[in-house]
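Since the structure comes first, as structure tokens, the remarks are kept for the end.
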Amino acid sequence: MKVALYGGAFNPVHSEHLNIVFAAKEKLGLDKIIIIPTNISPHKKGVMTARGKDRLAMCRLAFDGVGGVEVSDAELKRGGVSYSYVTCRHFKKLYSDDELYFIIGADMLKTFELWREPDEILKCVTIAVCARESADELSCEIKKFQKRFKKDIVNFGYVGQPVSSTRIRTLAALGEDTVGLVPESVRLFIRKRKLYELTELLGVKKYLTEARWQHTVRVAVLAAEFCRAAGVYEIDAITAAALHDCAKYLPLNSEELKKFVPPNDVPESVMHQYSGAYLAETAFGIKDEGILNAIRYHSSGKENMTNLEKLIFLADLLEEGRDFEGIGELRAKLKVGLDNCLLAALEHQLKYLKSTGEPVYPMTERAYKYLKENLL
């Protein structure tokens, strides 16, 4: 019998997880696929995570009625950090006479040698891999794997679509719909249980136009997608992004801002970052200075920015709804690292402001000079 293990946080399980299962089952001729939600994922610190029993329930809903697929609570029962080598040993004992595969995506293959006891995993299973979005990239990673481990690996030929659990969590956090991204039964479960929802942020929407709210959601998605690489907690990134423009349309003499004291000599185009930080603290109860500063400087930047401040500045500029000359190059730089992208973004912003004759806020110039002088 051919059996495959497919583990992951499934936080939440989504449409691409199902597509991978269907493709693996067909291409590998599998008799059974075992879905194994992790208890604690060793590589996903700082991520908003639904409780294990909720992730298990979502997996059971998603795969209900799918022949040859079962959902296991083995890692949840074991508790602690979930290591794949322990799980592979466990199922190798149960299926000692069968061909055992372990399904992973190309992104996981890249870091496989850094996993706990990778050689032990390969004693128990054959790796079955698929491309997340690029088949060419996967071919390169397979060659690296074979050179390093001298083991067979199976590419079952599926190329995935750009669906991520991060995007789904962010949409759910802000009360947005996840239709089309998760199975309908899972979508309804997330809605009913208010999984991932940051209820305190839902009131932001009333301060914004629909277009500005959709921009805000896109900023939150981009910030969440890069927060792990930036060493930023996901909830902090989403919170700062959700509130970054909260005072965009509030006049300074409004009831909400009646005690707000504007800084001196601030261009009108930048003022909302300061009033936004004030509103975030007074109306939304945000007390974390790191989050408040990310809001306070998201438009201008400043000297010696924290990673959260850099992330929100860049997510605001580069979210997927933006379109301006040079944005492709900036987005490519963001995939490499924050600092080089930020330097290029500040340079672009200064050139743009000067070309249009709009006032240049001195803090932006200082931010650019500081980064240029200190970037190693």
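Structure values in brief
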read-out	value
Whole-Å semi-axes of the ellipsoid equivalent to the chain (Cα gyration tensor, √5λ, descending)	44, 24, 17
Sites LYS44 and THR282 - FRET efficiency at Förster radius 25 Å, r taken between beta-carbons, to 0.05	0.15
From the C-alpha gyration tensor of the stretch 286-376, square roots of 5λ in Å	19, 16, 14
Computed lengthening from ASP152 to GLU210, 0.36 nm per intervening residue step minus Cα-Cα distance	15.7 nm
0 to 90° range, to nearest 10: angle between helix 15-28 axis and the chain longest Cα axis	30
Hull volume in cubic angstrom per residue (convex hull over the Cα atoms of the stretch 22-121)	122
Estimated 222 nm signal from helices in the chain, with DSSP H stretches of n ≥ 4 weighted -39500 (n - 2.57), rounded to 500	-16000 deg cm²/dmol
Interchain or long-range residues, amide H under 5 Å from GLY8's placed H	ILE36, THR38
Cα Rg over Rh - the stretch 207-337, Kirkwood	0.96
Cut-off 13 Å (backbone N to label point 7 Å along Cα→Cβ of CYS140), residues of the stretch 337-363	none
Assigned charges on the beta-carbon of Lys, Arg, Asp, Glu; the chain dipole about Cα centre (debye)	940
Global form of the stretch 61-103, assessed from the alpha-carbon gyration tensor, a/c cut-off 1.5	oblate
FRET E, pair GLU113, LYS192, Förster distance 51 Å, beta-carbon r, rounded to 0.05	0.80
Residue-span extension gain [GLU120 to SER269] - 0.36 nm each, minus C-alpha spacing	47.9 nm
Where no second cysteine Cβ lies under 4.7 Å, the cysteines concerned in the chain	CYS59, CYS130, CYS140, CYS227, CYS246, CYS341
Three-way shape call for the stretch 99-244 based on the alpha-carbon gyration tensor, with the a/c threshold at 1.5	prolate
Under 16 Å from LYS248, Cα to Cα: lysines that are on another chain or at least 8 residues apart	LYS205, LYS206, LYS258
Exposed-loop-free span, longest in the chain, where chymotrypsin sites (Phe, Trp or Tyr not before Pro) count as exposed if DSSP calls them loop and at most 13 other C-beta atoms lie within 10 Å	1-248
Contact order normalised by residue count of the chain, Cα under 8 Å, 6+ apart, percent	13
Between 0 and 90°, nearest 10: helix 362-374 axis offset from the chain longest Cα axis	50
Cα long-axis angle, helix 52-62 against the chain (0 to 90 degrees, to the nearest 10)	70
Of LYS144/LYS302; LYS25/LYS333; LYS259/LYS333; LYS110/LYS194; LYS27/LYS310; LYS27/LYS92, pairs whose Cα-Cα distance is over 32 Å	LYS144/LYS302; LYS25/LYS333; LYS259/LYS333; LYS110/LYS194; LYS27/LYS310
The stretch 172-278 - percent of accessible surface contributed by carbon and sulfur, probe 1.4 Å	52
Translational D in µm²/s for the stretch 1-59 (Stokes-Einstein at 25 °C, 0.890 mPa s, Kirkwood Rh from C-alpha pairs)	198
Selection of trypsin sites (Lys or Arg not before Pro), the stretch 71-138, meeting DSSP coil and at most 16 other Cβ within 10 Å	ARG116
Cα-based shape type of the stretch 323-366, given that a ≥ b ≥ c are square roots of the gyration tensor eigenvalues and the cut on a/c is 1.5	oblate
Surface accessible to a 1.4 Å probe, per residue, for the residues of the stretch 157-239, Å²	44
Relative contact order of the stretch 230-376, defined on C-alpha pairs under 8 angstrom at six or more residues apart (%)	23
Interatomic Cα distance distribution for the stretch 163-251, bins of 10 angstrom, percent	18, 48, 30, 4, 0
Of ASN39, ALA294, HIS17, farthest towards positive along the dipole that unit charges on Lys, Arg, Asp, Glu beta carbons give the chain	ASN39
Relative contact order of the stretch 120-250, defined on C-alpha pairs under 8 angstrom at six or more residues apart (%)	21
The stretch 81-129, accessible area per residue, ligands and nucleic acids excluded (1.4 Å, Å²)	48
Estimated Rh, the stretch 79-154: Kirkwood, alpha-carbon pairs, angstrom	13.0
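The values are calculated or read from the model by the stated rules, or taken from the named source; none is laboratory data. Worth saying up front: this structure is predicted, and the values here are computed from it rather than measured. Positions of Cβ are generated from backbone atoms using ideal geometry, with glycine treated the same way; all protein chains shown enter the neighbour counts. Each accessible area value is taken on the protein alone, full model and side chains, heavy atoms only, with ligands, DNA and RNA left out. Shrake-Rupley method; radii C 1.70, N 1.55, O 1.52, S 1.80 Å.
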